[in-house]
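Quick notes on the structure that follows.
Just so it is clear, none of the values below were taken in a lab; they were calculated from the coordinates. What you are looking at is a predicted structure, and each value in this text was computed from that prediction instead of being measured. So basically every Cβ, Gly included, is an ideal-geometry build from the backbone, and we count neighbours across all protein chains shown.
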Amino acid sequence: MKLSVFPNYRLLSENASDKVIRLVQNKPTAVLCFASGDTPRLCYQLMVEKAIAAKIDFSAISFVGLDEWVGISPSNEGSCHFFLDNLILKHLNFSSSNIHLFDGLSGNPMQECRKMDQLLQEKGGIDLMIVGVGMNGHIGFNEPGVSFNNYSHLVELDNITASVGQKYFKEATMLKQGLTIGLKHLVEATNVLMLANGFKKAPIIKKAMEDEISDQMPASIIRTHPNSEVMLDEEAASLLIK
Ligand code: F6R
């Protein structure tokens with residue numbers, strides 16, 4: 001694991017977006033798996049701007065959404081589907097058959113997970129994951145206590161996730177379950193970028209980076225990945241031992 005600290009959120013996002021662009025240029029058939037949420041927002045905006053300016057071809061890129069709220073429609077602005085579509089997918093020339101997002105409205109969530117796992121197996125795994133860190137240390141919806149050996153699965157959301165998650169929705173929304181790519185997919189991914197910014201993430205980043213690697217702190221798994229990079233702004237890194 002590499003740890004990189006940037007002076008501010010903009011430089012962090014610039015740097016992360018450059019990495020995506022480079023990867024797509026080097027491997028036009030790559031499989032990307034991206035989180036939604038506030039942290040990677042600017043990275044995605046910059047990535048789209050750069051991709052459009054440089055006319056980068058995404059037609060053979062496969063795109064996998066990291067997670068989704070169960071029971072939430074893709075047309076709801078708080079859904080991961082809406083977020084990824086609005087920020088990334090609709091701006092670039094992805095082939096619709098290469099876009100794979102969990103269906104939060106599926107009557108058969110287990111089947112959604114099996115479909116995702118089968119797809120990733122067929123594609124040979126994920127080339128680049130971009131993940132954030134939840135206020136409880138989750139990655140995707142891999143909540144504290146999750147097995148590091150899980151592939152895609154249905155999750156009972158932690159109370160912290162259900163309450164922090166309200167920030168994505170216009171109205172108070174019942175959030176009970178999620179569908180998520182599992183940590184085993186992360187361990188098997190070729191490259192992983194974990195982004196965090198702001199003072200509010202500093203205590204959780206300190207725990208994830210300095211306490212023992214444990215399923216009680218899912219983000220700590222990043223330290224076991226040989227080709228991962230934790231990208232922080234100075235605020236998120238402010239509690240780390242120098
Ligand atoms: C969202 C996701 C979550 C977020 C995490 C941080 O798709 O996977 O794990 O990355 O909750 O959220 P933000 O970036 O909003 O602080």
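Looking at the square roots a ≥ b ≥ c of the eigenvalues of the Cα gyration tensor of the range 142-242, which shape do they give, rounded for a/c under 1.5, prolate if a/b is larger than b/c, or oblate?
Verdict is oblate for the range 142-242.
Amide H contacts for residue 198 (H built 1.01 Å from N in the peptide plane; partners 5 or more residues away or on another chain; cut-off under 5 Å): 233, 235, 236.
Assuming a ≥ b ≥ c are the square roots of the Cα gyration tensor eigenvalues, decide whether the range 104-145 counts as rounded (a/c under 1.5), prolate (otherwise, with a/b larger than b/c) or oblate. Kindly include the intermediate steps, with their values, before the conclusion.
Working: a/c = 2.68, a/b = 1.27, b/c = 2.11.
Cα axes put the range 104-145 in the oblate bin.
Rounded to the nearest Hz, the phi-derived 3J(HN,Hα) couplings of the range 70-84 under the Karplus curve 6.51 cos²θ - 1.76 cosθ + 1.60 (θ = phi - 60°) are 6, x, 9, 6, x, 7, 6, 4, x, 6, 5, 4, 4, 4, 5, where x marks glycine and proline. Around residue 65, which amide H atoms from residues at least 5 apart in sequence, or from another chain, sit under 5 Å from its own amide H, with H modelled in the peptide plane? Here 100, 101, 102 satisfy the definition.
Average 1/r across all pairs of distinct alpha carbons in the range 52-162, invert it, and you get the Kirkwood radius: 15.2 Å.
By the gyration tensor of its Cα atoms, with a ≥ b ≥ c the square roots of the eigenvalues, what is the shape of the chain: rounded for a/c under 1.5, prolate for a/b over b/c, or oblate?
rounded
Coupling constants for the range 92-108 follow from the phi torsions by the Karplus curve (6.51 cos²θ - 1.76 cosθ + 1.60, θ = phi - 60°), and in residue order they are 10, 8, 5, 7, 4, 6, 9, 9, 10, 10, 4, 8, x, 9, 4, x, 10 Hz; glycine and proline get x.
I'd like the trypsin sites (Lys or Arg not before Pro) in the range 12-81 restricted to DSSP loop residues with at most 16 other Cβ atoms within 10 Å, sorted by number.
Numbers: sites: 19, 22, 41, 50, 55; in loops: 55.
For trypsin sites (Lys or Arg not before Pro) across the range 12-81 that sit outside H, G, I, E and B with at most 16 neighbouring Cβ atoms in 10 Å, the list reads 55.
Here the 3J(HN,Hα) profile of the range 206-215, calculated from phi with Karplus coefficients 6.51, -1.76 and 1.60 at θ = phi - 60°, is 4, 4, 5, 8, 10, 7, 5, 6, 8, 5 Hz, Gly and Pro shown as x.
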